[in-house]
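Peer 1: This is the structure I want to talk about, given as structure tokens.
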Amino acid sequence: MPKPAFPLGHVVATPAAIEFTNTHPVDLAVLIARHQSGDCGDMSDDDILANLSAIVSGGRIFSSYQIGPQKIWIITEADRRLTNVDIHISEFMLSLQKC
């Protein structure tokens, strides 16, 4: 397990994120551990640098992990009291739900 780089606070997940992980081969505990270690997943170089700075300075930390056509987002607030796991619903998936 990677070494934690910051505290997570209370970890919560949206119903959509929980449903997605129940129907797809993804382990939220692994993604949360990656997030907490400073591995912010599928982010631009600028976003990675912003996260590294936020870890040191106490800013908001945002990670994104591509799982198939979806993205799992994990966000730890600047005060480190809350980490939220959410799913980014792509326009493609929204169009499928309308069918």
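Peer 1: Cβ contacts < 6 Å: first residue within 20 Å of Pro7 (Cα to Cα) and in contact (Cβ under 8 Å) with a residue 12 or more places away in the chain, restricted to region 63-87; second residue assigned to a strand (DSSP E or B) and of a type in the set (Lys, Arg), any location; separation 6+ or different chain. Result?
Peer 2: Ser64/Lys71
Peer 1: Across region 43-58, what is the number of residues that are surrounded by 15 or more Cβ atoms within 10 Å (Cβ to Cβ) and under 20 Å from Val11 (Cα atoms)?
Peer 2: The total comes to 3.
Peer 1: Still on this structure, I have one more. Can you tell me which residue within region 59-99, out of those that are basic (Lys, Arg) and surrounded by 12 or more Cβ atoms within 10 Å (Cβ to Cβ), is modelled with the lowest pLDDT?
Peer 2: Among them, the one singled out is Lys71.
Peer 1: Then there is this: Note down all Cβ pairs under 9 Å where the first residue falls in region 16-29 and is among the small types (Gly, Ala, Ser), the second is surrounded by 16 or more Cβ atoms within 10 Å (Cβ to Cβ) and in a helix (DSSP H, G or I), and they're at least six residues apart or on different chains.
Peer 2: Partner pairs satisfying both residue conditions: Ala17/Leu28.
The values are calculated or read from the model by the stated rules, or taken from the named source; none is laboratory data. Quantities reported herein were computed from a predicted structural model and do not represent experimental measurements. For neighbour counting, all protein chains shown are included, and Cβ atoms are generated from backbone atoms with ideal geometry for every residue, glycine included.
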